[in-house]
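Visitor: First, the structure itself, so that you have it in front of you.
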Amino acid sequence: MPLILISAPAVEPVTLAEAKAHLRVDDTAEDTLIASLIVTSRLHVEAVAGLALVTQSWSWYIDAWPPGLAGHAVRLPLRPVQSIDAVRVYDEAGTAATLDPATYFLDGTAAPPRLIRHGAVPWTRPGRVANGIEIAFTAGYGNAAADVPAPIRQAVLLLVAHWYEHRSPLEEGAHPAPLPDMVSDLLAPYRAARL
C-alpha cells in the first residue's frame with residue numbers, strides 16, 4: 001500500500017533563522033547543513049508520529065476496500081487530513097474512474113481520520129488486483145509554520161540541535177547518541193494510538 005508524496009510542504013515548521021537562534025549560530029557557513037537538518041528533523045517527526053506538519057498532498061494506493069461493515073470507512077495513514085481531493089478506482093486495463101465526491105465524506109475528527117462512504121451502497125470494486133484504489137488527499141496543520149503546534153515545532157528544534165551536535169562519523173560497531181527523551185515527551189500527545 002504505497003503512500004506517495006505528490007506535493008511537498010512549501011515551508012518547513014521552523015525557519016533557518018529560528019534554528020540558528022536555537023543553536024546560537026551567527027555566521028552563514030553552515031546554513032546548508034542546518035537547513036538539511038530541519039528537513040530531516042521534520043521527516044523524522046512526521047514518520048514517528050504519523051503526521052503531516054505543513055500542508056502537503058499525497059496519493060495513497062490500496063488493493064481493495066476494507067471487508068465487512070467497516071468497509072464503509074477507510075482509515076487514512078496520515079493526520080491531520082484537510083481534504084479528500086479525489087478517489088479513483090482502476091479497472092483491469094489501468095484506467096481510472098473518479099468517484100463522485102457526493103458519495104463519500106471525510107471524518108477528519110476521527111483518530112485516525114477516515115474516508116466514509118455515504119449510505120448503504122458499497123464502494124466500486126477495483127478491477128486491478130494491486131493498487132486498484134487511489135485516495136488523493138491533502139494533509140497538514142496548515143500552510144504556515146505557525147499552524148504547527150508549538151510542542152511539535154520545539155521537538156523539531158531539539159532534533160536539529162541533537163543532530164548538529166552529534167554529526168561526527170561513527171566508528172564501526174559504535175552506537176549513535178540516543179535521541180533526547182524530551183523529543184518523545186513532546187510528541188507523545190500527537191502520536192497515533194496503536195492497538
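Coordinate-derived values only; no laboratory data. The structure presented is a predicted model; accordingly, all values stated were derived computationally and were not measured. Virtual Cβ from ideal backbone geometry, glycine too; neighbours counted across all protein chains shown.
Visitor: For segment 108-127, which positions are surrounded by fewer than 11 Cβ atoms within 10 Å (Cβ to Cβ) and of a type outside the set (A, V, I, L, M)? Step through it out loud before you land on a result.
Guide: We begin by selecting, within segment 108-127, every residue surrounded by fewer than 11 Cβ atoms within 10 Å (Cβ to Cβ); these are 109, 119-122.
Residues satisfying the conditions are Thr109, Gly119, Pro122.
Visitor: Restricting attention to segment 87-99, which residues are touching a strand residue (DSSP E or B) at 6+ places or on another chain (Cβ under 9 Å) and either farther than 14 Å from Ile135 by Cα or among the acidic types (Asp, Glu) (or both)? Reasoning before the result, please.
Guide: Of the residues in segment 87-99, the ones touching a strand residue (DSSP E or B) at 6+ places or on another chain (Cβ under 9 Å) are 87-91, 96-99.
Asp91 - this is the single residue of segment 87-99 that is touching a strand residue (DSSP E or B) at 6+ places or on another chain (Cβ under 9 Å) and either farther than 14 Å from Ile135 by Cα or among the acidic types (Asp, Glu) (or both).
Visitor: Could you please find all residues in segment 144-164 being outside any helix (DSSP H, G or I) and surrounded by 14 or more Cβ atoms within 10 Å (Cβ to Cβ)? Before you say what the answer is, go through the steps one by one.
Guide: From segment 144-164, those outside any helix (DSSP H, G or I) are 144, 148-149; that's our starting set.
Hits for segment 144-164 are Val148, Pro149.
Visitor: Tell me whether segment 115-137 contains one or more residues that are in contact with a helix residue (DSSP H, G or I) (Cβ under 6 Å, 6 or more places away or on another chain), part of a loop (DSSP other than H, G, I, E, B) and not β-branched (Val, Ile, Thr).
Guide: For segment 115-137, residues in contact with a helix residue (DSSP H, G or I) (Cβ under 6 Å, 6 or more places away or on another chain), part of a loop (DSSP other than H, G, I, E, B) and not β-branched (Val, Ile, Thr): present.
Visitor: Tell me, which residue of segment 21-48 that is part of a helix (DSSP H, G or I) and of a type in the set (Gly, Ala, Ser) is nearest to Gln154 (Cα to Cα)?
Guide: Going through segment 21-48, the residues part of a helix (DSSP H, G or I) turn out to be 21-23, 31-48.
Among the residues that remain, those that are also of a type in the set (Gly, Ala, Ser) are: 21, 35-36, 41, 47.
Numbers: Ala21: 13, Ala35: 16, Ser36: 17, Ser41: 11, Ala47: 16 Å.
Among those that are part of a helix (DSSP H, G or I) and of a type in the set (Gly, Ala, Ser), it is Ser41.
Visitor: In segment 75-107, what residues are part of a loop (DSSP other than H, G, I, E, B) and buried (at least 16 other Cβ atoms within 10 Å of the Cβ)? Show your work before the answer.
Guide: Filtering segment 75-107 for residues part of a loop (DSSP other than H, G, I, E, B) gives 76-78, 80, 91-95, 99-100.
Once the filter is applied, which keeps residues that are part of a loop (DSSP other than H, G, I, E, B) and buried (at least 16 other Cβ atoms within 10 Å of the Cβ), segment 75-107 yields Leu76, Pro77, Leu78, Pro80, Leu99.
Visitor: Go through (1) over 26 Å from Ala192 (Cβ atoms); (2) in contact with a strand residue (DSSP E or B) (Cβ under 6 Å, 6 or more places away or on another chain) and name the single condition Thr103 misses.
Guide: The failed condition is (2).
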